[in-house]
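The values are calculated or read from the model by the stated rules, or taken from the named source; none is laboratory data. Note that the structure is a prediction, hence the values are computed from the model and not measured. Virtual Cβ from ideal backbone geometry, glycine too; neighbours counted across all protein chains shown. We work out accessible area using only protein heavy atoms, side chains counted, and drop any ligands, DNA or RNA first. Shrake-Rupley method; radii C 1.70, N 1.55, O 1.52, S 1.80 Å.
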Amino acid sequence: MTTNMAESSGNTETGRGLEHEAAMSRNINKLIVTPPGYSGQPKRGHLIFDACFESGNLGRVDYITEFEYDLFIRPDTCNPRFRVWFNFTVENVKGYQRVIFNIVNFSKTKSLYRDGMSPVVKSTSRPKWQRLPSKNVYYYRCPDHRKNYVMSFAFCFDRDDDVYQFAYCYPYTYTRLQHYLENLDKQRLDYVHWDLLGLSVQQRRLDLLTITNPVNLVSEAEQRVVFITARVHPGETPSSFVCQGIIDFLVSQHPIARVLRDHLIFKIAPMLNPDGVYLGNYRCSLMGFDLNRHWQDPSPWAHPTLYAVKQLILEMHNSPKTSLDFYIDIHAHSTMMNGFMYGNIFEQEDLFQRQAIFPKLLCRNAEDFSFSSTSFNRDTMKAGTGRRLLGGLLDDSSYCYTLEVSFYSYLLGGTSTTIPYTEETYMKFGRNVARTFKDYYQLNGETGFSRPQSSREKPPAATGISQNSARGTGKTRKTSTSSREHAKST
């Protein structure tokens, strides 16, 4: 703890803050914030801020009054454009001390804070994350900060000895994932394989789970693969909870899970950007890259995790015995409610209709999935994403989606009732995604696949979804009939 750091912070004029935010390359470390001109030992109530821990993010604190502090998000490593994720602790509080924290340098203007979203908090005596009451949170354009948008929240520290932690959304760290995978591995399930697919720039693991009946890995029959990825954007923590929900269901003894394992091979890479996650970035990797714009030509040294995943997908694509039926990349959305999907555009109407089947079925299984928010597009801004690149590279028999889930809440169908997400409801959404594969393939109990839909049959109508362009890709396709045909919608 260093008082001089706090004094320089406390004496800094707030108006200069945005000029220096690009220079904030480190998280604050046990920063004692005292009033300007104060000398001597810090007293109880002189707050100590810290973000020097895994997935932490807070770059600077300005003392305004004893009741108010301006907080600055540390920009993503090597990329000052992105300032959204925050995660920090506060200690040395005084019982029933009331404060207002202003987070003053968000890089986004649109935000779910306009719709009632609030930060999450926990403390040493209450370790379960909770959302702050929406009535205590304000999001507004502030003339004191160059008319930037500011999120202010009021909080009352009620226990002297507690350390309080605040975050943008429920954190899900690299270490948490490693513990989860280690515990899964200890169960010695013969249908789960945990492999090291590669290493990040800072030598963190790129994990790959393979979940299937082991017979499928040695059989000469066609291997039908569902490939799922998450956390290419490190600050989008809900995607990890959704991904864990998918895994939890697939490895369970639920009858549907057993049938799915008997007929499909699930490949899951749950954390594509482990360095960014560890560092507390919102969107970028250690080297400042938005990895989800580099799928077209990933570098083995600059984007090693993407390179490894793409190489594996290409190997499966080129294998005559493998049909890559699905690629789903899980994200979190900062301005929209519910879960929803983005898909690609096909020239043939029947292929477009077929691509709409999965989100249509998911809407039936998950009350928080919005079919009306699902859309297909070929936005040039998304050309380097996994969904767009693989949608153009793979066959028409492969369907590639971005699965989004709100950072905040979902609306119950036909109502205006807003239900904030919790860690558990994110994982429930993931379980419902996994269950939907059974409906898609029309698995019937444990008896196997029902008759696939003939390519001459008209697929179910996909009403309520827009295809934003009628132009297709004109790619050459595999000729395997079984990999092109899909089941009827229930």
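Mind listing whichever residues of segment 86-111 are in a loop (DSSP other than H, G, I, E, B) and either open to solvent by less than 20 Å² (accessible area, probe 1.4 Å) or more than 23 Å from Asn29 (Cβ to Cβ) (or both)?
Just the residues of segment 86-111 that are in a loop (DSSP other than H, G, I, E, B), to begin with: 86, 92-96, 104-111.
Hits for segment 86-111 are Phe86, Val93, Gly95, Tyr96, Val104, Asn105, Phe106, Ser107, Lys108, Thr109, Lys110, Ser111.
Which count do you get for residues in segment 234-268 that are outside any helix (DSSP H, G or I), in contact (Cβ under 8 Å) with a residue 24 or more places away in the chain and over 21 Å from Tyr440 (Cβ atoms)? Explain how you work it out, then say what you get.
The first filter runs over segment 234-268 and keeps only residues outside any helix (DSSP H, G or I), leaving 234-237, 251-254, 264-268.
If we keep only those that are in contact (Cβ under 8 Å) with a residue 24 or more places away in the chain as well, we get 234-237, 251, 264-268.
Restricting the remaining residues to those that are over 21 Å from Tyr440 (Cβ atoms) gives 234-237.
Of the residues in segment 234-268, 4 are outside any helix (DSSP H, G or I), in contact (Cβ under 8 Å) with a residue 24 or more places away in the chain and over 21 Å from Tyr440 (Cβ atoms).
Out of (1) more than 30 Å from Ala302 (Cα to Cα); (2) in contact with a His (Cβ under 8 Å, 6 or more places away or on another chain), the odd one out for Glu236 is which?
(1)
Per-residue answers, yes or no, for (1) out of contact with any Gly (no Cβ under 9 Å at 6 or more places or on another chain); (2) within 26 Å of Arg431 (Cβ to Cβ); (3) buried (at least 21 other Cβ atoms within 10 Å of the Cβ):
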residue	(1), (2), (3)
Ser252	yes, yes, no
Pro270	yes, yes, yes
Gly280	no, no, yes
Leu306	no, no, yes
His317	yes, no, no
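Does segment 332-343 hold any residues that are in a strand (DSSP E or B) and crowded, with 22+ Cβ neighbours inside 10 Å, and which are they?
Hits for segment 332-343 are Ala332, Gly339, Phe340, Met341, Tyr342, Gly343.
Scanning for something open to solvent by less than 60 Å² (accessible area, probe 1.4 Å), closer than 16 Å to Tyr172 by Cβ, of a type in the set (Phe, Trp, Tyr) and not in a loop (DSSP other than H, G, I, E, B), does segment 416-428 turn up at least one residue?
The answer is yes, given that some residue of segment 416-428 is open to solvent by less than 60 Å² (accessible area, probe 1.4 Å), closer than 16 Å to Tyr172 by Cβ, of a type in the set (Phe, Trp, Tyr) and not in a loop (DSSP other than H, G, I, E, B).
Just to verify a result, which residue in segment 150-172, among those that are open to solvent by 20 Å² or more (accessible area, probe 1.4 Å) and in a loop (DSSP other than H, G, I, E, B), is modelled with the highest pLDDT?
Here is the first cut: in segment 150-172, the ones open to solvent by 20 Å² or more (accessible area, probe 1.4 Å) are 154-156, 158-161, 163, 165.
In the following step, the residues that additionally are in a loop (DSSP other than H, G, I, E, B) were identified as 158-161, 163.
Details: Asp158: 95, Arg159: 95, Asp160: 93, Asp161: 95, Val163: 98.
Residue satisfying both the conditions and the ranking: Val163.
So which residues in segment 190-233 are in a strand (DSSP E or B), under 20 Å from Pro304 (Cα atoms) and open to solvent by 40 Å² or more (accessible area, probe 1.4 Å)?
Trp194, Asp195, Leu196, Leu197, Leu199, Arg205
Among the residues of segment 252-301, which ones are touching a Phe, Trp or Tyr at 6+ places or on another chain (Cβ under 9 Å), of a type in the set (Asp, Glu) and over 24 Å from Asp185 (Cβ atoms)?
Matches in segment 252-301: Asp290 only.
In segment 376-410, what residues are in contact with a Ser or Thr (Cβ under 6 Å, 6 or more places away or on another chain) and open to solvent by 20 Å² or more (accessible area, probe 1.4 Å)? Talk me through it step by step, then tell me what you get.
Residues of segment 376-410 that are in contact with a Ser or Thr (Cβ under 6 Å, 6 or more places away or on another chain), as a first pass: 378, 387, 392, 397, 407, 409.
Within segment 376-410, Arg378, Gly392 qualify.
Checking Asn468 against (1) at pLDDT below 80; (2) closer than 28 Å to Phe289 by Cα; (3) within 26 Å of the chain's Cα centre (by Cα), which test does it fail?
It is condition (2) that Asn468 fails.
Which residue is nearest to Phe241 (Cα to Cα), if the candidates are limited to segment 173-189 and must be of a type outside the set (Lys, Arg) and outside any helix (DSSP H, G or I)? Break it down stepwise before answering.
Initially, segment 173-189 is screened for residues of a type outside the set (Lys, Arg), giving 173-175, 177-185, 187, 189.
Of the ones still in play, those that are also outside any helix (DSSP H, G or I) are 173, 187, 189.
Values: Thr173: 11, Gln187: 20, Leu189: 21 Å.
My answer is Thr173.
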